[in-house]
Every structure is written in C-alpha cells, then in structure tokens.
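The numbers here are math on the coordinates, done by the rules we state, and not lab data. For clarity, every value in this text was computed on a predicted model and none was experimentally measured. Cβ: placed from backbone, ideal geometry, glycine included. Neighbour counts: every protein chain shown.
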Amino acid sequence: MSSDAARRTALAALAAIGSLWLAPLAGCGDMTLFRAKSDYFPLIPGSRWTYDVAGYTAIDSVGSDSAVAGRACVVVLRDYAPEYWTKQLTAVRQFTRLTANRGGQEYVLEERYGLVYALPLVEGSRWDESFRDTIVPRGTDTVFLKDSVSGRVAAIEDIETPAGTFIQCYRVDTHREVEAAELSFTADYSEWLAPGVGLVRRVTGPDTTKLTGYEPGR
Amino acid sequence: MLSLLVVSLLVTGGFEAGGQIGVLFPASGLENNHASAALLGVSLGCEAGPGRVTLSYGYSGLRAKQASPYRFDVHELSAGYGHEFVVGRPAAGSTSIWGFEASAAAGFGLLSRTLGSARETGKTPSGHLGAGFFQRQGHSRLSLGLDNIVFTESQPDGSARTVSLTYLIALKGGVTYVF
C-alpha cells in the first residue's frame, strides 16, 4: 500500500471512529431548541379552542385584527365575548377596562393594555407590572386604583387533556390584585401553555379548565 | 486502535490549527424571534492528501430581535472530515493552490437560554454539511464557506414521541496554520 493510500485509510478510519464516539449522544436532545422556536401563544386568525370548564363548554376563537385605544390588536372571542390582545416579541398584553358606577353614570377607572406574559418564556423567569391611579368621578368621591400582576414561569411539563397530550408546556403562575373600591379582587391561577397551541389547561382554585379541542387557523 | 491511527497520522500526515469567524443565521422557525449572531470557532486537524479530519469548537450567542435581556448561547464540539478538490495549481514561482472543499461532521451542542436570571440548559447532537472555497500558500490555509447545521432533538416518552430538527446556516471564514 502506498503511503498516500495509507494516510487516506487512516484519516477515514479516524473520522469513522470519531463519528462512532458521537453516535451514543444521538437522541440525547432535550428540546431546548424546540421550545426556543415554538410559539406558545399563537394568535392566528381562525384558530378555535374548545374548553371544558367544570362541565361547561367554552369556545374561544381568534377573530380579525382591530384597533382599540389607539393601538392595533387582535380580537379574541372568549366564549363569544370580545377581548383585545396584542403580541410583540417581548410581551403579550390584554386590553383591560375597569369602570365604576356612580349615580347611574359609568366612570372609567382603568383603560390600558396590561401585561399577561413576558416573552420569551424561559423556565424561572418572572415579571411584574403595577398600575396606580387616582380617579375623582365626582365631587369629593375619590377612587384609588391599584392593578398589579406578577407572573412566573414555574415549570416545563407534559400535559394530558381530553384533546391529547401536549409536550414541553410552560406552567405560568399568575397573581393579580386589583384594589379599586367595590371592584377589588385577588386572583391566583396557573396556566399551561403548549407549543403551537396556547392555553391547554388552567387551574383557578378548585376549578380546572381543560382543552377538549383545537383547530389551528390559517 | 485509535492511538495507532493517531500515531500513523503523526508520522505520515500534517497537522493544522486555526480559527474561524462568521455569522450564524437561525432558520426553521428560530428566526422568528432570534436575530443572526457572530460565530467564533477554533479547530485542530490533521490532513493527508486531499482529506482532512478536524475537531472543532464553535460558539455563538443569538439574541432576541427586540431589545431584551434574552440570549441563546450555542456551544458546539464537532468532529468531521473534509475533502479538498484542487482547481488552481501553483503558477511558476508561486506555491499557492486553491479549490473547493466539501465537508461533513457530527457534533454535540450545549445550549443555554437565559432571560435575566432565568436559565434553561440543554444538550443535543448535530450534523454538519459544508461547502466552501480554500486557498493554501506555504503554511497558511484560508477558507470561506457555508456550513449547514442540523440539531436533532427528540422526546421519546410514550405516545407523545416527538422529533424536532432545527436548521442553522453558518457563513464562516477561517485561517489555519499547517505545521
């Protein structure tokens, strides 16, 4: 065998052995890239989600684009009631409107796009947003408003629902607190967002919402 | 066996060490929220005739497309084989040759997504197919080429088995010293 041929054989053998050394590592992938490229809150027109909410069926769907409060948004029909959402690369926001009734007249206390999820979702990430205002509906009647929300990406889990099994879901724990006279409330809930689908499960106290069907839009 | 091969290459082949810089372009969905980023790499290799075996390390830090503390770091170690096809022979009085190279490599990526203090880590195997241009003169070797990188991820659990392929394109230029 010539020295050139010997060298080539040695090189090919070395390359083959190198590949064999790497072969056992195949299949070790743990879906980090899959999560990085997935859309966990798709707002595609025509998408339709069906949920079981404690035995009651709720239907959500994405409608057309719109503009509310001077901002372009997407209309989401939540059980046929319109909600207005915006999604950017760093945040998902929902239009919030709080009103108080004084003497038969409606006064707007809050009207803004509130933070729902900070993007991108990464396990362990947290976000907070607080909105404060003082509204004087009439005379000396003053309403102090505080609307705060905090969220945390608590875990990555696989979730089984009547609509199927969804892998690599982010569990988002949210705490919302609104202080505004008679409108005050506190809410704690956990949501599971699946890649390419969105909300597949929500637990609010004893109530559980589960996805029973999903039709992606186009 | 491996040491025998290395020794035989030490005796009969040439060694090289070099570095690469370039740009990594995300694709297959990753480009929706990640911008392209600089790519840095180092490599060690040995060569015999038109063939080269290289061990390479590469790093790139992809960032979000909007202002955000988010970052996606990709560290990758790969072993590959490249074959040179010489087109230009040295002219009289010159030692310069040039041509094209086709390469294939198998690698392993260590991945890290960070957003502020939150961090996700992962690891995944990868495959490379590359093509490019090279020029050799004396002890130096210059190269410029495209590297197609595919990362394979799988979740083998039960009925929810999923295989995800992620494609990235690297445009790389390199300088190598051939001993």
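Computed over chain A with a Gaussian network model linking Cα atoms closer than 10 Å, the most mobile of A:VAL197, A:VAL108, A:VAL68 is A:VAL108. Which of A:SER130, A:SER47, A:SER184 moves the most in a Gaussian network model of chain A with Cα springs under 10 Å? Residue with maximal mean-square fluctuation among A:SER130, A:SER47, A:SER184: A:SER184. Across chain B, Cα pairs under 8 Å and at least six residues apart give a relative contact order of 21 percent. Inter-chain neighbour count for B:107-114: the average number of beta-carbon atoms from partner chains within 10 Å of each residue's beta-carbon is 4.
Comparing B:LEU165, B:LEU144, B:LEU40, which has the greatest mean-square fluctuation in the GNM of chain B with Cα pairs linked when under 10 Å apart? The residue that fluctuates most here is B:LEU165.
Magnitude of the charge dipole for the protein assembly as shown, about its Cα centre and with charges confined to Cβ atoms of Lys, Arg (+1) and Asp, Glu (-1), is about 1140 debye.
Summary of the geometry: region B:43-105 and region A:122-167, compared by the centres of their Cα atoms, lie 48 Å apart.
Could you tell me the ratio Rg/Rh of the protein assembly as shown? Both radii from Cα atoms, Rh via Kirkwood.
Reported Rg/Rh, Kirkwood definition of Rh: 1.14.
Computed from backbone phi, the HN-Hα couplings of region A:138-150 come to 6, x, 9, 6, 10, 10, 8, 10, 9, 10, 10, 9, 9 Hz, rounded to whole numbers (Karplus: 6.51 cos²θ - 1.76 cosθ + 1.60, θ = phi - 60°; Gly and Pro given as x).
Prolate is the label for chain A, because the ratio a/c of its alpha-carbon gyration tensor axes (a ≥ b ≥ c) is 1.5 or higher and a/b is greater than b/c.
Quick one: putting +1 on the C-beta of Lys and Arg, -1 on the C-beta of Asp and Glu, what dipole do you get for chain B around its Cα centre, in Debye to the nearest 20?
260 debye
For region A:31-215, a simple Cβ point-charge model (Lys and Arg +1, Asp and Glu -1, everything else neutral) yields a dipole of about 380 debye relative to the Cα centre. The simple spin-label model puts a point 7 Å past each Cα toward its Cβ; for A:THR57 and A:ASP128 those points are separated by 4.3 nm. The residue list A:ILE167, A:VAL75, A:PHE95 was ranked by how far each Cα lies along the charge dipole of chain A toward its positive end, using unit charges on Cβ atoms, and A:ILE167 comes out on top. For peptide B:126-137, the mean count of partner chain Cβ atoms within 10 Å of a residue's Cβ comes to 1. Using every pair of distinct Cα positions in chain B, the Kirkwood expression returns a hydrodynamic radius of 17.8 angstrom.
Annotation: amide H-H contacts under 5 Å for A:ASP79 (H modelled 1.01 Å from N, sequence separation of 5 or more, or interchain): A:ILE59, A:ASP60, A:SER61.
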